[in-house]
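Report on one structure; see the data block that follows.
The values are calculated or read from the model by the stated rules, or taken from the named source; none is laboratory data. Just so it is clear, the structure is predicted and the values come from calculations on it, not from any experiment. Methodologically, a virtual Cβ is constructed for each residue, glycine included, from the backbone with ideal geometry; neighbour enumeration extends over all protein chains shown. To get the accessible areas, we keep the full protein, side chains included, count just its heavy atoms, and leave off ligands, DNA and RNA. Shrake-Rupley method; radii C 1.70, N 1.55, O 1.52, S 1.80 Å.
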Amino acid sequence: MTAEALTAPPLPGDTAALIAAMGARARVAAKRLSVAATADKAAALRAAAAQIRARVADIVAANAEDMAAGQKSGLSGAMLDRLRLDEGRLAAVSEAIDAVAALPDPAGAEIDRVIRPNGLVLSRVRVPLGVVGIIYESRPNVTADAAALGLMAGNAVILRGGSEAVHSNRAIHAAFAAGLVEAGLPADAVQLVPTQDRAAVGAMLRAQGLIDIIIPRGGKGLVARVQDEARVPVLAHLDGINHLYIDGAADPAKAVDLAVNAKMRRTGVCGATETILIDRAYPAPLAIIDALVAAGCEVRGDKGVAELSPHVEPASNGDWDCEYLDAIVSIAMVDGVEGALVHIDAHSSRHTDAIVTEDAAAADRFLAEVDSAIVMHNASTQFADGGEFGLGAEIGIATGRLHARGPVALEGLTTYKWLVRGSGQTRP
């Protein structure tokens, strides 16, 4: 099958049969990838990156269709920002693929080894998960990131993107698949579901024996549906209700810079801060509020915050549990680290939470006691990104406790098996 054939509009038919056929082809491709040499996988990724560079004009034109449709349908500014592709962003996509190609290959890596008293040599080695189904919304760059990470870890990938990015996803996938074919790897290693019929999602969730794990990346509605309906394991990426706590011992200049960057650098990313907590002992809370307002941010605050500035709107109870993904922030006054911990425990989505302080003891307590996938000290929550963590890219930020947590990249797309080497031992 050619790369372009995989992006063709779907033929009428049974959606379950379509997913079953894709899954069967993916399993064949996964078998081949599981023994593919690191050099071959890296060469395929570099070819895919080159194809994206060569097709920038086509991808930007496809994205323009999605942007026009999104504007017509009333997508928010933050959602449109997630959707938008230009030459600069596509250059970053290609660079991320090349970065993944240069990373150490996790497949086959030995985790540990032990020699038992009877002489048996036991080792654990990393192996691919198999066929990974990824269901995502909005961001077309996920098409490339997920494909690159999945392939480098030795997995076949089935992608199902959101309808708002359908043209962009198809254009990126066509370029990626062309790179695979050019490098001699099967195009079926990375497939894009060619229909926006929601039944395709259900078929993926029920594809036991064909898909080994599902990774949802999107809003609460998508993740809830996946977790409710899935018959295969799920690695959940939940919303980013992230907190930035300004401690009484925070440096005021750092506090202002971090608050503005954590909220306003890009409001539509999952690492954006949504709630700022300010210690009642902090001496300059108004400067933080004024800087956010000057940056174009709407501020909603509790009574103590609202009394500080006429630019603050009263916060509702729902604001503390809201992922705005927009230029809106909620701010609350708390009583020291203890108050921040209580608020975060009640409202955090366990994604990313940060403290700003020059008090080492306060920082250590915060880092130890906040139960989130990523916990930071004196750094913007916008660093919650696989690329910034040196992982090349990410499929998402896993907020659960099992299998992988935080940015899911190459290692998170593997499992392990035990190898036992003996010399004729029998068990007494």
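Out of all DSSP beta bridges with both ends in the range 73-179, state the antiparallel percent to the nearest 5.
Antiparallel bridges: around 50 percent, rounded to the nearest 5.
Strictly greater than 16 Å: what percent of every Cα pair in the range 306-424 meets that?
The answer is 71 percent, as a whole percent.
Among His377, Thr352, Val408, which residue has its Cα positioned farthest towards the positive end of the charge dipole of the range 336-428, with +1 placed on the Cβ of Lys and Arg, -1 on the Cβ of Asp and Glu, and the dipole taken about the Cα centre?
Farthest towards the positive end: Val408.
Hey, what do the phi angles of the range 340-348 turn into as Karplus ³J(HN,Hα) couplings, whole Hz, using 6.51/-1.76/1.60 and θ = phi - 60°, x for Gly and Pro?
5, 4, 5, 5, 5, 4, 7, 10, 5
How big is the charge dipole of the chain about its Cα centre, in debye rounded to the nearest 20, if each Lys and Arg gets +1 on its Cβ and each Asp and Glu gets -1 on its Cβ?
So the magnitude is around 2220 debye.
Report Rg (one decimal) and Dmax (nearest whole number) for the range 84-176, counting Cα atoms only, units Å.
Calculated on Cα positions, Rg and Dmax stand at 17.9, 62 Å.
Would you mind getting me the FRET efficiency between Tyr416 and Glu182? Use the beta-carbon distance for r and R0 = 35 Å, nearest 0.05.
0.65
Averaging sequence separations of C-alpha pairs under 8 Å and six or more residues apart, then dividing by the length of the range 337-406, give the relative contact order as a whole percent.
31 percent
Under the rule a/c < 1.5 gives rounded, and otherwise a/b versus b/c splits prolate from oblate, where does the range 282-353 land using the Cα gyration tensor?
oblate
So for the range 174-224, taking the charge dipole from beta-carbon charges (+1 Lys/Arg, -1 Asp/Glu), which of Ile215, Ala187, Phe176 sits furthest toward the positive end?
Ile215
Rounded to whole Hz and in sequence order, give me ³J(HN,Hα) for the range 100-110 from the Karplus expression 6.51 cos²θ - 1.76 cosθ + 1.60, θ = phi - 60°, writing x for Gly and Pro.
5, 4, 8, 6, x, 6, x, 5, x, 5, 7
If all Cα-Cα distances of the range 315-377 are sorted into 5 Å bins from 0 onward, what percent lands in each bin, rounded to whole numbers?
It works out to 3, 16, 27, 26, 17, 8, 2, in whole percents.
Can you report the principal axis dimensions of the range 103-226 using only the alpha carbons, biggest first, rounded to whole angstrom?
59, 37, 23
Count neighbours as other Cβ atoms within 10 Å of each site's Cβ, and list the trypsin sites (Lys or Arg not before Pro) in the range 293-390 that are DSSP loop with at most 16 such neighbours.
Loop-located and lightly packed - none at all.
Could you run the Karplus curve 6.51 cos²θ - 1.76 cosθ + 1.60 with θ = phi - 60° over the range 251-258 and give me ³J(HN,Hα) per residue in whole Hz, x for Gly and Pro?
Here the 3J(HN,Hα) series is 6, x, 5, 4, 4, 5, 4, 5 Hz.
Can you pull the semi-axes for the chain, root of five times each eigenvalue of the Cα gyration tensor, sorted largest first, whole Å?
40, 28, 19
For the chain, what % of the accessible area comes from carbon and sulfur atoms, probe 1.4 Å?
Its accessible area is 54 percent carbon and sulfur atoms.
Taking just the alpha carbons, could you work out the radius of gyration and Dmax for the range 1-160, both in angstroms?
Gyration radius and largest Cα-Cα distance of the range 1-160: 19.3, 71 Å.
From Cα pairs below 8 angstrom and at least 6 apart in sequence, can you work out the relative contact order of the range 169-245, rounded to a whole percent?
23 percent
Which loop-located GluC sites (Glu not before Pro) does the range 265-327 contain, where loop means any DSSP state but H, G, I, E or B and the Cβ has at most 12 other Cβ atoms within 10 Å?
In loop regions of the range 265-327 (DSSP not H, G, I, E or B), the sparsely surrounded GluC sites (Glu not before Pro) are Glu307.
Gap in Å between the Cα centre of the range 154-168 and the Cα centre of the range 257-281?
Here the two parts' Cα centres lie 30 Å apart.
Separation of the range 282-351 and the range 363-428 by C-alpha centroid, Å?
Rounded to whole Å, the Cα centres lie 30 Å apart.
What is the set of long-range amide H partners of Cys322 at a cut-off below 5 Å, with H atoms built 1.01 Å from backbone N?
Here the answer is none, since no amide H 5 or more places off falls under 5 Å of that of Cys322.
Using a 1.4 angstrom probe, figure out how much accessible area the chain has per residue, in square angstrom, rounded to the nearest whole.
Using a 1.4 Å probe on heavy atoms only, each residue of the chain averages 41 Å².
Please get the size of the charge dipole for the range 207-310, origin at its Cα centre, with Cβ charges of +1 on Lys and Arg and -1 on Asp and Glu, quoted in debye to the nearest 20.
260 debye
Which one of His243, Gly336, Asn317 is farthest out on the positive end of the charge dipole of the range 215-344, using unit charges on Cβ (Lys, Arg +1; Asp, Glu -1) and the Cα centre as origin?
Positive-most Cα among the choices belongs to His243.
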